[in-house]
1. Output yes when any residue across region 40-57 is closer than 23 Å to K178 by Cα, under 36 Å from the mean Cα position of the chain (by Cα) and at pLDDT 75 or above, and no when none is.
2. Could you list all residues from region 121-131 that are crowded, with 16+ Cβ neighbours inside 10 Å and not acidic (D, E)?
3. Quick one: T134 ticks every box in (1) over 15 Å from Y205 (Cα atoms); (2) of a type in the set (S, T, N, Q); (3) surrounded by 11 or more Cβ atoms within 10 Å (Cβ to Cβ) except a single one, so which number is it?
4. State whether the residues of region 231-239 include one that is over 13 Å from the mean Cα position of the chain (by Cα) and at pLDDT 85 or above.
5. E114 - would you say it is surrounded by 13 or more Cβ atoms within 10 Å (Cβ to Cβ), more than 23 Å from K184 (Cα to Cα) and charged (D, E, K, R)?
6. Restricting to region 150-203, name every residue that is among the β-branched types (V, I, T), surrounded by fewer than 12 Cβ atoms within 10 Å (Cβ to Cβ) and assigned to a strand (DSSP E or B).
7. Restricting to region 145-170, name every residue that is in contact (Cβ under 8 Å) with a residue 24 or more places away in the chain, closer than 21 Å to H214 by Cα and not hydrophobic (A, V, I, L, M, F, W, C).
8. Can you tell me which condition A192 does not meet? The list is (1) of a type outside the set (D, E); (2) in contact (Cβ under 8 Å) with a residue 60 or more places away in the chain; (3) in contact with a Leu (Cβ under 6 Å, 6 or more places away or on another chain), and all the others hold.
Amino acid sequence: MGEESRALLEEYEKSGDPDIAEHLIESLDVARKVRWEESTAQLNFAHSSRKSWSLLQRLGASQRPPRFSRPPVSPNAVAAHLIQVTKAPVEKTFEKQTCDGWRQQCRNRMSDAEPDPISEADVEAALNRVKLGTAPDYDNVHPEFLKQLGSTALTWLAALFTRTLLEHQIPKIWRQAKGIALEKPGKDPYLASSYRPISLLSVCYKLLECIILHRVTPKVEELLSEDQAGFRRVGACVSK
């Protein structure tokens, strides 16, 4: 409440004049409009998308209060449904061939050339390509945190990525995903089939993937046919 509105309120409480009450309502409306304009003017998705989205969510929640005080279906029901619809038959022959191939690859690993170590410059270049404002998984590491790392932390992270490539071992927490079920628009919220899942992965793991993708893309482009359009960079399949 502004100073003008506060003064009108005190005056109305003393006199009870209905005209002052009307002026008070008009003053409050003007103050709300000013606060709204100031809040929307501060929205800047390029500078802080998380702050902007948080403001939009709060504004939307004030207009659309939650319909349910508790989830209409249990998380276990949604998880059981997703397991059922994504379950595929296992071919024993194919599974055995895959396991044998992996064992052979592990035996020949010592003769393979070691990958080039990941440098601090590689990590910095990948961080410039990382999208900000994304949600973290169980490690609660936001991309904004990595953006603020100093030289020592970047060197340590580069060493961790290099060790991951050399040892062919991914940290256990990177192999976990935080699953969230979102209600499908227009579907019955009391049915487990009315929800679709999204998976939140570790930002550090996605950063390593970005570095590896940047390395292998030139080689992969040399092997792909010019007629292939999917699973490659936009414009890379244009015939010369």
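The values are calculated or read from the model by the stated rules, or taken from the named source; none is laboratory data. All figures in this text were calculated on a predicted structure; none of them were measured in a lab. Here the Cβ is made from the backbone with ideal geometry for all residues, glycine too, and neighbour counts use every protein chain on show.
1. Our first condition is that a residue be closer than 23 Å to K178 by Cα; within region 40-57, this holds for 49-51, 53-54, 57.
Subset that is under 36 Å from the mean Cα position of the chain (by Cα): 49-51, 53-54, 57.
Still in the list and also at pLDDT 75 or above: none.
Within region 40-57 (the criterion being closer than 23 Å to K178 by Cα, under 36 Å from the mean Cα position of the chain (by Cα) and at pLDDT 75 or above), the answer is no, since none of the residues qualifies.
2. V123, A126, L127
3. (1)
4. The initial filter retains those residues of region 231-239 that are over 13 Å from the mean Cα position of the chain (by Cα), namely 231-239.
Keeping just the survivors that are at pLDDT 85 or above gives none.
Checking region 231-239: not a single residue is over 13 Å from the mean Cα position of the chain (by Cα) and at pLDDT 85 or above.
5. no
6. Keep residues of region 150-203 that are among the β-branched types (V, I, T), which gives 152, 155, 162, 164, 170, 173, 180, 198, 203.
Within this subset, residues satisfying the condition of being surrounded by fewer than 12 Cβ atoms within 10 Å (Cβ to Cβ) are 152, 198.
If the condition is that a residue be among the β-branched types (V, I, T), surrounded by fewer than 12 Cβ atoms within 10 Å (Cβ to Cβ) and assigned to a strand (DSSP E or B), then I198 is the only one that fits.
7. T155, T162, T164, H168
8. Result: A192 fails condition (3) only.
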